[in-house]
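Data block below; observations after.
The values are calculated or read from the model by the stated rules, or taken from the named source; none is laboratory data. As the structure is a computational prediction, the values presented were derived from the model and not from experiment. Cβ sites come from the backbone with ideal geometry, for glycine too, and all protein chains shown count toward neighbours. Remember, those area values only see protein heavy atoms, side chains included, never the ligands or the DNA or RNA. Shrake-Rupley method; radii C 1.70, N 1.55, O 1.52, S 1.80 Å.
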Amino acid sequence: MAQTYEYPMFSPNERAKLYKRLTNDMPIEIRNGEKITVQDNRYVYIGKFRWIDATQKNENEYQPVDGLIVPNGYATIKTNSLMKFENGDMVVLDGELWTVDGETQIDYTYTPKKVQTYQYLEIKKVK
């Protein structure tokens, strides 16, 4: 039986919005008979969830190529949501766009059944 009860959590932040990434792999044949796969990413609004900062937001810059300075930001947030978060999903926090990037850690409590309490999401800022 799936868990339907969200563990209580106070959050001073406005609820975040989750957009799930859906991929549509479509094979296309090119002139010489070879096939390539076109991956079309679409994002669908799933719902809102409560969150708080688990770590401070780190904003910095990096240079993938000399002279090209790219802004970058990372953070980890904590949520009591039962939604499934996957790499590539988009999250809107306080009007800023972030992508789930990294391992999602899930905490459980045993009362006597295994109950999900919080999820920790590593997110990366999208500019």
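Roughly to the nearest percent, how much of the accessible area of the chain is carbon and sulfur, given a 1.4 Å probe? C and S atoms contribute 49 percent here. Separation of the alpha carbons by more than 29 angstrom is noted, of 20/57; 84/113; 57/113, for 57/113.
Computed extension length for residue 2-residue 65: 17.9 nm, one decimal, from 0.36 nm per residue of separation with the Cα-Cα distance subtracted. How large, in Å, is the stretch 2-127 by the Kirkwood hydrodynamic radius built from its alpha-carbon pairs? The answer is 16.8 Å. Counting Lys and Arg as +1 and Asp and Glu as -1 over every other residue whose Cβ lies under 12 Å from the Cβ of residue 55, the net charge comes to 0.
Taking every protein chain into account, the accessible area of the chain amounts to 70 square angstrom per residue (probe 1.4 Å).
For the stretch 20-86, how big is the tail of P(r) above 14 Å, as a whole percent of Cα pairs? For the stretch 20-86, the share of Cα pairs beyond 14 Å comes to 76 percent. The relative contact order of the chain, computed from alpha carbon pairs under 8 Å that lie at least 6 residues apart in sequence, is 25 percent.
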